[in-house]
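Okay, so here's the structure we're looking at.
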Amino acid sequence: MPATPAVPFALAATIGLALWAVASQIGHRAEPWDAPQFWSVFYPLAIIASGVLGLAFPTRPWRWAVTIILMQLPVMALGGSGFGLLPMGLILLLVLTLPAIGLATLAGWLRKR
């Protein structure tokens with residue numbers, strides 16, 4: 001019987017929500033990526049968390065990375081962000097998932113070796 005992905009999804013969602021909410025609050029911005037520490041602290045932490053989840057749950061680990069990064073959307077919605085540039089924001093978020101997906105996939109592959 002295959003393991004259910006509910007636990008890693010819940011972990012990824014919780015990590016993502018917490019990480020981006022803190023980034024938004026510390027930076028006093030509705031969008032986490034506008035926070036001054038986004039590139040130097042929060043985004044690297046998201047990539048590292050994706051790798052750790054990929055190592056812990058190596059079956060299709062890209063899902064955990066995507067979940068962590070895309071949890072910026074509910075943080076922005078709850079923070080009162082305007083959605084006039086939503087299509088461009090989605091493209092940015094999808095690009096931001098790529099390094100996280102890479103590390104999670106590498107970690108999952110190493111775990112399975």
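Okay, here's what the table says:
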item	result
Hey, residue 11 more than 30 Å from residue 112 (Cβ to Cβ), crowded, with 17+ Cβ neighbours inside 10 Å and under 12 Å from the mean Cα position of the chain (by Cα) or not	no
Total residues in the stretch 1-31, condition modelled with pLDDT of 95 or more, under 15 Å from residue 71 (Cα atoms) and not polar (S, T, N, Q)	15
The stretch 58-113, residues that are within 20 Å of residue 39 (Cα to Cα) and not in a helix (DSSP H, G or I)	71, 79, 81
Neighbours by Cβ (under 7 Å, 6+ apart or cross-chain): first from the stretch 89-101, among the β-branched types (Val, Ile, Thr); second assigned to a helix (DSSP H, G or I) and surrounded by 14 or more Cβ atoms within 10 Å (Cβ to Cβ)	97/65; 97/66; 97/69; 101/62; 101/65; 101/66
The stretch 59-113, subset of a type outside the set (A, V, I, L, M, F, W, C) and surrounded by 18 or more Cβ atoms within 10 Å (Cβ to Cβ), residue farthest from the chain's Cα centre (by Cα)	81
Pairs with Cβ under 7 Å, 6+ apart, first in the stretch 21-45 and crowded, with 17+ Cβ neighbours inside 10 Å, second small (Gly, Ala, Ser) and not in a helix (DSSP H, G or I)	23/35; 24/30; 24/35; 24/79; 27/35; 29/35; 31/81; 42/35
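The values are calculated or read from the model by the stated rules, or taken from the named source; none is laboratory data. Just so it is clear, the structure is predicted and the values come from calculations on it, not from any experiment. Neighbour counts are summed over all protein chains in view; Cβ atoms, including those assigned to glycine, are modelled from backbone coordinates with ideal geometry.
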